[in-house]
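As C-alpha cells, the structure follows; a few thoughts come after it.
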Amino acid sequence: NASDPEVALAAFAQRRVRLFAADPHNGKFAHEADLMRPCGFVIGSEGRGISAQVAAACEPVRIATAGVESLNASVAAAVLLYEAASQRRLGK
C-alpha cells in the first residue's frame, strides 16, 4: 500500500532516491543542498507537518525566506522543485 510510510520509504531506499523533508527551521538551504542526484521532497501538511518516522528517513531542507513565518505547502513544493531543476539545468 503506497499510503503506508514504511512501504513508501522502503521503495525510495531500494531505488536509492535521496529524500528531503521541507523544514522551515532546520537543514541546509535548498540552494546549498545537492539536488543533482535522484531525490524526492516530502512536504508536510500545513497544520501537522510530517510524521517523526518519515522525518527520520529524510534530510531536512529549508527555503530562504525573509519576513514570512512559513510557506503554503504547494508553494514550498514548487520552490524546491524549481531549485532541483535549476541545479540540474545549470550543472550546479
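The values are calculated or read from the model by the stated rules, or taken from the named source; none is laboratory data. Bear in mind the structure is a predicted one, so any value in this text is a computation, not a measurement. Quick reminder, even Gly has a Cβ in these numbers, built from the backbone with ideal geometry, and neighbours come from all protein chains shown. SASA here: full protein model, heavy atoms, side chains in, ligands and nucleic acids out. Shrake-Rupley method; radii C 1.70, N 1.55, O 1.52, S 1.80 Å.
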For the chain, share of DSSP beta bridges that run antiparallel, in % to the nearest 5:
10
Hey, how much of the P(r) for the chain falls beyond 20 Å, as a percent of Cα pairs?
35
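With charges set only on the Cβ (+1 for Lys and Arg, -1 for Asp and Glu), what does the dipole of the chain come to about its Cα centre, in debye to the nearest 20? Intermediate values should be presented prior to the final figure.
Values: 10 positive and 9 negative charges, 89 e Å.
Its charge dipole is roughly 420 debye.
In whole percent, what relative contact order does the chain give with Cα contacts below 8 Å and a gap of six or more residues? All intermediate terms of the calculation are to be shown ahead of the outcome.
Working: 106 pairs, mean separation 31.6, N = 92.
Relative contact order here is 34 percent.
With a 1.4 Å probe and all protein chains left in place, how much of the accessible area of the chain comes from carbon and sulfur atoms, in whole percent? Please report the intermediate quantities before stating the final value.
On the way: 3350 of 6170 Å².
Ligands and nucleic acids excluded, carbon and sulfur give 54 percent.
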